[in-house]
Amino acid sequence: MWRRRTLYLMILPGAVYFLIFKYLPMGGLAIAFQDYRPFLGFSGSEWVGFDHFVRLFTEDTFFLLLRNTLTISFLLLLFAFPVPIILSLLINEVRLRFFKRSVQTIIYLPHFMSWVIIVSLFYVMLTTDGGSINNVIEAAGGEPISFLTDPAWLRPMYVMQEIWRNAGWGTIIYLAAITTVDTQLYESAAIDGAGRLRQAWHITLPAIRPTIIVLLILNIGDFLELGFEHMFLVMNSLNREVGEIFDTYVYNTGIVNGQFSYAAAVGMFKGIVGLILVVLANRLARRFGEEGVY
Amino acid sequence: MRRIHHPAIAGTAALTLALAACGSGDDGDGGGEGAGKDTISWMSVVHTPTTPETDGVIESALQDYTGKEIEFQWVPAANADEKINSALASDSLPDLVDLGNITNTTVRQAMTQGQFWEVEEFLSEFDNLSQISPETIESAKINGTLYGVPKQKPMARYGVLVRQDWLDNLGLDVPHTIEDLTEVAIAFAEDDPDGNGEDDTTGFYDREESFQLGFRSLAGYFGAGQRFEVNDAGEVIPSFTTDAWKEAMEWYRGLYEKGAINKEFVTLQKQNQYDGIYQGKGGIVVTGLFEARGFYEGGLAADPDTTMDWALINDMTYEDVPRRILTDTNGGMGGWYAIPRSTVETEDEVREVLGFVDSLLDEEPFTLMTNGIEDEHFEFDDDGVVSILDQTKWEQEVQPFSSSRPSDLVITFPSAQPYVDLGNELMEENAEHAVLNPAQSLTSETFDSRWSVIEQQANDAYNQYMMGQIDMEQYEATIDALGGEGLDQIVAEFTEAYDEANG
């Protein structure tokens, strides 16, 4: 170990970061087993064991949250996950360097916009009170669609926004993986008479398969972690029934309504499920002969 | 894909943001070391879109006057609750906390558990604080104890604002009954009141908080109580369960169906609502009567040629229901200025902080926070009438402070802007018709712990009904179901406390 001390020294800042910002705060999970009162603090609050977990699993809300979270996660996996792969395959086929670079830059842009801005933009376009899309629909003789309040539209809208914001950014890793493919493979395939499509299918895709698998595992690990901000911004009292997910529920019960312990219990449940999912997905990947994430 | 990065970061970031405003006051608030408090950290709610710059002119002037270094921690009104809750949870409170939402469950629990100083015994030591009326003090108490300095407001500020120029265009009279108001609303939606030949106007221009603000006030005209009311059986019940409330809902829903309310008001944020009003999208606003001036100024900024003119109405009535107006200030009590025990540790320090609040009640700081600095933001004419010199400058530098005034009632300035004087006059008239919440000073443990959740569900059901997602039967079913979630318990506890208090 001493021999490689410089290397260890180099990981030190990262390790300290994780220790301070990721592991130390976990001590706060203790309040999930307490009836936490801010004024009494950690030491003074009453210990209640698994009461909050019992409440979570016995309330109807739990199944609503689970259903909504899983549905949206599945939809994202189904529709949003493949988009960057397809996009990077397409970009890879572009031969004109300038055009390729411009497209890449433009599709990265949405990633740097915050959800607040994106949701506001969509709001202006989708509202039935003079939103441009509904104006077009009405001009074409259709009935205006309440994209923003109709529960049926929440999930499609959510997934579209995810794709719009992150698909471009997601291509970075795939494009990087694609550059490592030996160009001789393409040349010999071309000699054998393979067209563009066949080259992409038989050379590019298999070459980036490990990358896809790693990202898939990471995705599955976060299956219940949709992130709070986006959903919080698109949800309102009319689509809450399909929009309420664990993250927004934790926020509403914990921060807004002040049930800190219960919210911590919900969050902890979500974290544990996430951990189990990562381990399972990783095992599965190894079984199929892939490398996995660890 | 977003999820390459750990998405917990997003959540954490949101939390950090929520906490940032609260946590930043740690340096300089003394924490009890050394005698005297030279710096007062103050979490204050701001109702304007922007916060004033640190050490700006007004802040400096206030520091000079009070002799204290002030560290403002501005909290936007829209998420005041969550910031205060997270500050309470993490115990990162400043010296002085502005608590505006008196029904916030976490705040009430924190108070009754002793997170804040009891201040009543200190008040008599101060010139201005000792002048707070006993009724206001009484209505500010929880379980008979005063946990903060009550903010003094007019008894009831709400009313109905109607576009006078639109009424004139259509040849309609100013409505004073709900029946007439209904006609006006429909005419505004259908008869092109702005005369531009386009179907681009509506009657009511409401927003997201309809259930809490606009509609609630309208339901008051129908006879619904101020959040709670005592029914014939002597029970203290929430007003959203009453027949008057439901009748008002049916009426409002009818208007909505006729297009006389903006279509997606349940998602509309305050600033967007204001923008719509400035742009002349709607002609009826149920809001504070003091707002007419701002609407007019905003309308003028949006279109210098606007004909915008507002009729201020404070005597709306419905059928044979006597004139009444629900208080929007808890009966003249706009919340508390509370002093946390964790940051202010000794009684002497409490006195210092209270002395600071007391000095803000003097006329000079009140003028500073209302009008600004003379000859820089406003001027007095010979009759003492105030005119604002530069509206934009005033909005940026002065207006944010107006909600930080411990009292709105120190001086009433005659204004060059007629809406201001008229608004003040009408709000004063409101006082004798104000309907108060009979449960405000009553105690219910279940209320303190469950109310936020229950009210949220009632609010959701209201929104769903208005948008046509559910019908009245389903609304009633939702409300009935709340009984099992603690509402029955709350009614029982309040009724018991009410009987006790009223013999």
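Considering region B:455-481 alone, what residues qualify as being within 14 Å of chain A (Cβ to nearest Cβ) and free of Cβ contacts under 8 Å to residues at least 40 places away in the same chain?
Within region B:455-481, B:Gln456, B:Gln457, B:Asp460, B:Ala461, B:Gln464, B:Gln469, B:Ile470, B:Gln474, B:Thr478, B:Ala481 qualify.
Return the only residue of B:Ala461, B:Ala416 being surrounded by 21 or more Cβ atoms within 10 Å (Cβ to Cβ) and aliphatic (A, V, I, L, M).
Selected residue: B:Ala461, the only one of B:Ala461, B:Ala416 that is surrounded by 21 or more Cβ atoms within 10 Å (Cβ to Cβ) and aliphatic (A, V, I, L, M).
Which of the residues belonging to region A:256-275 are within 8 Å of another protein chain (Cβ to nearest Cβ), surrounded by 24 or more Cβ atoms within 10 Å (Cβ to Cβ) and either part of a helix (DSSP H, G or I) or of a type in the set (D, E, K, R) (or both)?
A:Phe260
Restricting to region A:107-144, count the residues that are away from every other protein chain (no Cβ under 11 Å) and on the phi > 0 side of the Ramachandran plot.
1
If you take the residues in region B:352-401 that are among the hydroxyl-bearing types (Ser, Thr, Tyr) and over 30 Å from B:Gly148 (Cβ atoms), which one is least open to solvent (accessible area, probe 1.4 Å)?
Checked region B:352-401; the qualifying residue least open to solvent (accessible area, probe 1.4 Å) is B:Ser387.
Enumerate the helices (runs of 4 or more DSSP H) found wholly within region B:88-153, keeping only those where 1 or more residues are hydroxyl-bearing (Ser, Thr, Tyr) and over 19 Å from the mean Cα position of the chain (by Cα).
B:105-112
Quick check on B:Thr50: is it away from chain A (no Cβ under 14 Å), outside any helix (DSSP H, G or I), touching a residue at least 60 places away in the same chain (Cβ under 8 Å) and open to solvent by 30 Å² or more (accessible area, probe 1.4 Å)?
In short, yes.
Would region B:270-289 turn up any residue that is surrounded by fewer than 18 Cβ atoms within 10 Å (Cβ to Cβ) and acidic (Asp, Glu)?
Scanning region B:270-289 turns up at least one residue that is surrounded by fewer than 18 Cβ atoms within 10 Å (Cβ to Cβ) and acidic (Asp, Glu).
Between residues in region B:102-117 that are more than 10 Å from every other protein chain (Cβ to nearest Cβ) and residues that are hydroxyl-bearing (Ser, Thr, Tyr) and part of a helix (DSSP H, G or I), which pairs lie under 9 Å by C-beta distance while being six or more apart or on different chains?
As it stands, the answer is B:Thr103/B:Ser452, since those pairs meet every condition given.
What strands (runs of 3 or more DSSP E) lie completely within region B:190-300 and have 2 or more residues being within 20 Å of B:Gly468 (Cα to Cα)?
In region B:190-300, the matching strands (runs of 3 or more DSSP E) lie at B:202-204.
Since B:Phe401 meets every condition but one in (1) closer than 20 Å to B:Trp245 by Cβ; (2) away from chain A (no Cβ under 14 Å); (3) among the hydrophobic types (A, V, I, L, M, F, W, C); (4) within 23 Å of the chain's Cα centre (by Cα), which condition does it not meet?
With (1) closer than 20 Å to B:Trp245 by Cβ; (2) away from chain A (no Cβ under 14 Å); (3) among the hydrophobic types (A, V, I, L, M, F, W, C); (4) within 23 Å of the chain's Cα centre (by Cα) applied to B:Phe401, the lone miss is (1).
When you scan region B:224-243, how many residues do you find that are small (Gly, Ala, Ser) and open to solvent by less than 20 Å² (accessible area, probe 1.4 Å)?
Here the count works out to 3.
Here are A:Thr204, A:Thr248, A:Thr253: which of them is more than 12 Å from chain B (Cβ to nearest Cβ) and crowded, with 20+ Cβ neighbours inside 10 Å?
Only one candidate passes the filter, namely A:Thr204.
Among the residues of region A:145-157, which ones are buried (at least 18 other Cβ atoms within 10 Å of the Cβ) and either on the phi > 0 side of the Ramachandran plot or within 11 Å of chain B (Cβ to nearest Cβ) (or both)?
Of everything in region A:145-157, those that are buried (at least 18 other Cβ atoms within 10 Å of the Cβ) and either on the phi > 0 side of the Ramachandran plot or within 11 Å of chain B (Cβ to nearest Cβ) (or both) turn out to be A:Ser146, A:Phe147, A:Leu148, A:Thr149.
Is it fair to say A:Ala167 is surrounded by 13 or more Cβ atoms within 10 Å (Cβ to Cβ), of a type in the set (Gly, Ala, Ser), facing chain B (nearest Cβ under 9 Å) and closer than 27 Å to A:Ile91 by Cα?
Spelling it out, A:Ala167 is indeed surrounded by 13 or more Cβ atoms within 10 Å (Cβ to Cβ), of a type in the set (Gly, Ala, Ser), facing chain B (nearest Cβ under 9 Å) and closer than 27 Å to A:Ile91 by Cα.
Considering only region A:84-102, state which residues are surrounded by fewer than 19 Cβ atoms within 10 Å (Cβ to Cβ) and either in contact with a strand residue (DSSP E or B) (Cβ under 6 Å, 6 or more places away or on another chain) or within 14 Å of another protein chain (Cβ to nearest Cβ) (or both).
The one that is surrounded by fewer than 19 Cβ atoms within 10 Å (Cβ to Cβ) and either in contact with a strand residue (DSSP E or B) (Cβ under 6 Å, 6 or more places away or on another chain) or within 14 Å of another protein chain (Cβ to nearest Cβ) (or both): A:Ile86.
Just to be sure I understand the filter: pairs with C-beta atoms under 6 Å, separated by 6 or more residues or on different chains, first member in region B:378-401 and of a type in the set (Val, Ile, Thr), second member open to solvent by 40 Å² or more (accessible area, probe 1.4 Å). Which pairs pass?
B:Val385/B:Pro414; B:Val385/B:Ala416
The values are calculated or read from the model by the stated rules, or taken from the named source; none is laboratory data. Nothing here was measured: the structure is a model prediction, and the numbers come from that model. Here Cβ is always computed from backbone atoms with ideal geometry, including for glycine, and neighbour counts include all displayed protein chains. These area figures cover heavy atoms from the full protein model, side chains too; ligands, DNA and RNA do not enter into them. Shrake-Rupley method; radii C 1.70, N 1.55, O 1.52, S 1.80 Å.
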